[in-house]
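Reviewing the structure listed below.
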Amino acid sequence: MRYLPKSPAERREMLESIGARSIDDLFASIPEQFRLKAPLELPGPLSEHEIIEYFRARAAENSCGYTSFLGAGVYNHLRSVVTDSLIQRGEFLTSYTPYQPEISQGTLQAIFEFQTLMCELTGMEVANASMWDGSTATTEAVLMAERLTGRYRVVVARSLHPEYRQVLDTYTRNLNLQIQEIGFTATGQIDAAQLETAIDSETAAVVVQSPNFFGVVEDVARLAELAHAKGALVVTAITEGVSLGAVRPPAEADIVAMEAQSFGLAPSYGGPYAGVIATRDKFVRQMPGRLAGETVDTEGRRGYVLTLATREQHIRREKATSNICTNQALCALAVAIHLCLLGKEGLKELAVQNLAKARFALEELEKVPGVRRAFSGPFFNEFVVELPRSVKLVNAELLREKIIGPLPLGSFFPELTKRALFCVTETTPRAEIERMTVALRKILSKPV
Amino acid sequence: MTDRIKKARRHVSQNEGPIFEQSAPGKRGIELPPLDVPPVEARAALGSAYVRDGVEGFPEVSEIEVIRHFTRLSTWNYAIDLGMYPLGSCTMKYNPRVNEFVARLDGIATEHPYQPQEVSLGCLKILRMLLDCLTEITGMDAGTLEPAAGAQGELTGLLLIRAYLADTQGNPRKKVLIPDSAHGTNPATAVIAGYEVENVRSDERAQIDIARLKEIVNCDVAAMMVTNPSTLGVFEQNIAQAAEVLHSHGALLYMDGANMNALAGVARPGDFGVDVMHLNLHKTFSTPHGGGGPGAGPVMVKKILEPYLPVPVLSDKNGRPALENHRPKSIGRVRAFGGNFGVLVRALAYTLAYGPGIRQATEDAVLNANYIRKELEDVYELPYKSPSMHEVVFSDARQKKNGVNTMDIAKRLIDYGFHPYTTAFPLIVSGALMIEPTESESKQECDLFIDAMRAIAEEAATNPELVKTAPHSTRVSRLDDVTAARKPILRWKPKASSSASS
């Protein structure tokens, strides 16, 4: 087998050194009745060539050649060969968590730079080395707010990504946390009046996404005033990081939970991505996850270590701030590299291109009879329109034109049937936007 | 440097400060294609209350500077690609390159989790085949590929137990039993799952103590979490009896599958009484650790737990794999978008490469660990003599007499061209040296390691200071952890002195 670096003679030699007659001797500690007598029934073995063939065949059964208008937490953005080739350097790809700093300075400094970039991006003072994804980061942010406030109620915007809400529900169900949902108004923003009455002296956190699930930007400063007046913390979730190139960061929030997939990570049918938790310095000791910090060595040279580990499970066990161990380090590295490439000007230009594309697409859609914009609030690169008929049926017809249509909101929000969430990024060519609107016009003009 | 150091010698390593220190206005590393729709002005598009004028502190650097920066950084890391990485419990094995290639294919990397299942059949077939392989390897009945890492797998497993107990017994119970040799994630997870942790002492052979287990199991106990082989690399002889004891009290047996690299193809947890377990695909199934992640932590279960699996559940519809969201008894969703698919792709590529031959990998892993044990047991203390499987745990008892501890030996190993083994874990061994070579090491590499460890044992006796001040050949010497934690500097700031946080 090509991955195994031993000849049969070497195996025999090693067994002899050990004093074992056969390899089976080394498994004698497993009770006899549990030792497998027959080989497992598994496909393979396959050569490298056959493995590639297998996955190429699977790829061909997917959506190659289709144009997609899906976002909803996972975005198609330009990625770069530079990022992908750098993260495939074996020294990054095949190294472990940097617990031995003397031979992990590369990973540690890269994490330190990632943390810095996340602070600049989100307007927070400190960011960790990554969480599993945006949904678990949001949940961990809520648990952090609970620890910081000692309170048990959580007020959550209904416009928080529905799957993020589901994850929060799964985690908090057994922890005596009470979740209350707050609806949205005609702008698509959270209902501030309802929110104000919902926050009380037992509210640990107000959780709001911006841009929210409908693509609408929230007034986090105003929400923070309401929350802080009652001593509650504000958790802001961000699923579309690129928005931060043009949209004001949620600087008034107490904790930002972000999904950084938009920065150089492929959609990859759901992951791996990179979650982020960023917060204020004063809350750092209640943060989950790893942190890289700057220090010096015995000669006074600058170097980096994993620090504040007394928050973590391998030290604190059942008293840890979280059970997270493995995070998304390589994805965080990709994010850092991608953001360095983009730089200040590149990120801004990227964000503004997204604004332009989404506005062009909305204008084109609004020209189609029966289609109208559903929410009036400011939006980034996603928006909701109301169609005169079922989004699912429309999408089925669009699919025949090799177009993956917008997300039918009815599947997550029973009150929003016939509403469709479109996403348009810099990767969506104008010609495809036009082809989609032409197809839609044709579909909608047919009698039901 | 002594001539005993055979695997490594010094070479020039480039200096490189934080990338922000190379920034200058007007440089950039990516150029975007021109906009093909009418331009907009951000302030007008968003309104002045919502707009931002760019990210102030972002670096401005060119493509070549980014390439050099991160390449230089990379050269400061040790990696499996450079040699043996004997971290016990971490299973740092070779990460096949073809796995990286297939995970990046158009039609694999490009797929959106919400695209219609009609155009996702390839992804679904990959999930199906991987789940079928894992079912066969573990001897379990069903599973979920959703958890993002081992710790999330543990949480998923405990939530399944909760749901099952609440549903069938009307009470999720209160406690989870965890042996003192367990990974820290186990107790941390149990708390998040809403359970109290009761730590259970192992017997004098560091095995599950069945007599004690019988005493403490009662109707408050929901489950016991067991790592098998244990963190000492020893198979739990009494695992089936433990399962019986638990089952007779209506409790379940959870297995932490972190050490599955000792069992794949040889024995199946499903056969020795395990009700639910997780796998670390970034350990046993070779997906790259990437400096800390990403991983994936599939959870495999017996039939009784299947109704509670997190959504979406991989099922079959008209003979084709499909994702099912309507599961009334499900614990819900543990992560958005169904899981770390790209990691799952790599794990399947690994499994396909071996097929039934995966047993050979297990055998070689166990062979390497036992070979190292045999060649080092005369110089390092072996606190437990039970037969080792895929890893061996020594202690620093002999070297401590000269003031040299496990961390010192580990640091000295760096000078010899190796990554340290796991230090100071498991907690039941004072001054542990936990060594897991994996199957990826040749006899030559094992011999070099043995040679290095023996040389260090000599140094510890003859020149302890040399060991205690190691490493001597790295770009930085031992770093000041205490100051790092007391006055944390967690981000770069302009000007030479980054200001401290909290």
Estimated FRET transfer efficiency when R0 is 45 angstrom, pair B:Glu215-B:Arg10 (beta carbons, to 0.05): 0.20
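What is the sum of charges around B:Val221, taking Lys and Arg as +1, Asp and Glu as -1, for the other residues whose C-beta is under 11 Å from the C-beta of B:Val221? Mind dumping the intermediate values first?
Details: positive: B:Arg173, B:Lys174, B:Lys175; negative: B:Glu196, B:Glu198, B:Asp220.
Local charge sum for B:Val221: 0.
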Report the net charge of residues surrounding B:Glu196, where surrounding means a beta-carbon distance below 12 angstrom and charges are Lys +1, Arg +1, Asp -1, Glu -1. 0
Using the Kirkwood radius over Cα pairs of the stretch B:253-391, the Stokes-Einstein translational diffusion coefficient at 25 °C and 0.890 mPa s, in µm²/s and rounded to a whole number, is 141
Okay, helix-only estimate at 222 nm for chain B: each DSSP H run of n ≥ 4 adds -39500 (n - 2.57), divide by all residues, round to 500 deg cm²/dmol; what do you get? -10000 deg cm²/dmol
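Is chain B best put as rounded, prolate or oblate by its Cα gyration tensor, with a ≥ b ≥ c the root eigenvalues, rounded for a/c under 1.5, and otherwise prolate when a/b is larger than b/c, oblate when not? Walk me through the numbers before you get to the answer.
Values: a/c = 1.67, a/b = 1.03, b/c = 1.62.
Since a/c reaches 1.5 but b/c is at least a/b, the shape of chain B is classed as oblate.
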With no solvent and one point per C-alpha, what does the Debye sum give as log10 I(q)/I(0) for the stretch A:81-338 at q = 0.13, 0.16, 0.17 Å⁻¹? -0.79, -1.16, -1.28
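So for the stretch B:191-265, considering every pair of alpha-carbon atoms, how many percent are separated by more than 14 Å?
Value for the stretch B:191-265: 61 percent of Cα pairs lie more than 14 Å apart.
When averaged across all projection directions, what area in nm² does the alpha-carbon convex hull of the stretch B:102-356 cover? Mind showing how you got there, number by number?
Numbers: hull surface 53.6 nm².
Computed as one quarter of the Cα hull surface, the answer is 13.4 nm².
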Using the 2.2 N^0.38 Å rule of thumb for compact globular proteins, work out how the stretch B:291-348 stacks up: its C-alpha Rg over that value, please. 1.25
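Please work out the FRET efficiency for the pair B:Asp3 and B:Glu465, using the Cβ-Cβ distance as r and a Förster radius of 25 Å; give the result to the nearest 0.05. All intermediate terms of the calculation are to be shown ahead of the outcome.
Values: r = 19 Å, r/R0 = 0.77.
Once rounded, the FRET efficiency stands at 0.85.
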Cβ charges +1 (Lys, Arg) and -1 (Asp, Glu), total dipole of the protein assembly as shown, debye: 860
Sort A:Leu244, A:Leu362 so the one with the fewest other Cβ atoms within 10 Å of its own Cβ comes first. A:Leu362, A:Leu244
Going toward the positive end of the dipole of chain B, with +1 on Lys and Arg Cβ and -1 on Asp and Glu Cβ, which of B:His11, B:Pro488, B:Thr438 do you reach last? B:Pro488
Would you work out which of B:Val311, B:Gly233, B:Ser181 lies farthest towards the positive end of the dipole of the stretch B:102-356, given +1 charges on the beta-carbon of Lys and Arg and -1 on that of Asp and Glu, about the Cα centre? B:Val311
Sticking to Cα atoms, compute the Rg of chain A to one decimal and its Dmax as the biggest Cα-Cα distance, whole number, in Å. 25.3, 83
Name the most mobile residue of A:Ser210, A:Ser262, A:Ser85, meaning the one with the largest mean-square fluctuation, in a Gaussian network model of chain A with Cα contacts below 10 Å. A:Ser85
Quick one: Debye curve from the alpha-carbon atoms of the stretch B:407-493 only, equal weights, vacuum; give me log10 I(q)/I(0) at q = 0.10, 0.17, 0.22 Å⁻¹ to two decimals. -0.33, -0.84, -1.15
Cβ density ranking, 10 Å radius, fewest first, applied to A:Trp132, B:Trp76 yields B:Trp76, A:Trp132
Which value does Rg/Rh take for the protein assembly as shown over its C-alpha atoms, Rh per Kirkwood? 0.96
Exceeding 18 Å between C-alpha atoms, which entries from my cross-link table qualify? They are A:Lys367/A:Lys442; A:Lys230/A:Lys319; A:Lys348/B:Lys27; B:Lys175/B:Lys214; B:Lys6/B:Lys374; A:Lys319/B:Lys283. A:Lys230/A:Lys319; B:Lys6/B:Lys374; A:Lys319/B:Lys283
Proxy reagent accessibility, fewest Cβ within 10 Å first, across B:Glu381, B:Glu375, B:Glu391: B:Glu381, B:Glu375, B:Glu391
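Just so you know, all these numbers are worked out from the coordinates, no wet-lab data involved. A quick note: this is a predicted structure, and the numbers were derived from the prediction, not measured. As a convention, Cβ positions derive from the backbone with ideal geometry for all residues, glycine included, and neighbour counts pool all protein chains shown.
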